[in-house]
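Remarks on the structure that follows.
Coordinate-derived values only; no laboratory data. Remember, it's a predicted structure, so these values are computed and weren't measured experimentally. All Cβ positions, glycine included, derive from the backbone under ideal geometry; neighbour counts span all protein chains shown.
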Amino acid sequence: MARKQQIHVAAEMGLTKVMDAELTKGVNIDLSAGPTMAERTPLHYCAANGHLEACKWLVERKATVDKPDRSAQVCDRKCCATQ
């Protein structure tokens, strides 16, 4: 059963220090939350919740910006929609 991991929860809240700790542990920056969570990545969660600085932080670390979620939304559109 897929579920949000700690990196997804941190991204949802814009917590870059927690995301950094997860990446240091080897968590994939583009980790999908799985089909029950619409295939969203940490960048999707940051963008959807308006955490622009956290979005920039993830992109600087090479998060994929054009990976669609299950509803075919990509992060760059979500960032623009929240601004």
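What the table shows:
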| quantity | calculated |
| --- | --- |
| Filtered residues of segment 3-46 (kept if within 16 Å of ASP69 (Cβ to Cβ) and either assigned to a helix (DSSP H, G or I) or touching a Pro at 6+ places or on another chain (Cβ under 6 Å) (or both)) | ILE7, HIS8, ALA11, GLU12, PRO35, THR36, MET37, PRO42, LEU43, HIS44, TYR45, CYS46 |
| In segment 17-29, residue surrounded by the fewest Cβ atoms within 10 Å (Cβ to Cβ) [restricted to those that are under 11 Å from the mean Cα position of the chain (by Cα) and touching a residue at least 12 places away in the same chain (Cβ under 8 Å)] | ILE29 |
| Residues (of a type in the set (S, T, N, Q) and under 18 Å from ALA47 (Cβ atoms)) located in segment 1-24 | GLN5, THR16 |
| Top-ranked residue of segment 31-64 - restricted to ones that are in contact (Cβ under 8 Å) with a residue 24 or more places away in the chain and among the acidic types (Asp, Glu), ranked as surrounded by the fewest Cβ atoms within 10 Å (Cβ to Cβ) | GLU53 |
